Amino acid sequence: LNFIEQCWGYSKRVYREFPMSSKEADLERNVLAALRLFSTRSLRFMDAYRRGLNGK
């Protein structure tokens, strides 16, 4: 999965778990932090695939 898909999946899960909010600050909070998190995670996956790792 690319990092946008991972971030979107995480956002959907958080949306389902917590009550809705109409505050603008709540909607925009931690967006960059989440994107960086999943970008780094995707880079780790790509590096593992490049090295031929299989998780065993």
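Rounded to the nearest 500, what is the chain's calculated 222 nm mean residue ellipticity when only DSSP H runs of at least 4 contribute -39500 (n - 2.57) each, over all residues?
The helix contribution divided over the chain gives -23500 deg cm²/dmol.
With labels modelled as points extended 7 Å from the Cα through the Cβ direction, what inter-label distance (nm, one decimal) is found for Phe18 paired with Glu5?
Computed distance between label sites Phe18 and Glu5 equals 2.6 nm.
All of the numbers you see were taken from the coordinates with simple rules; none came from a lab. Everything numeric here is computed off the predicted structure, so don't read it as measured data. As a convention, Cβ positions derive from the backbone with ideal geometry for all residues, glycine included, and neighbour counts pool all protein chains shown.
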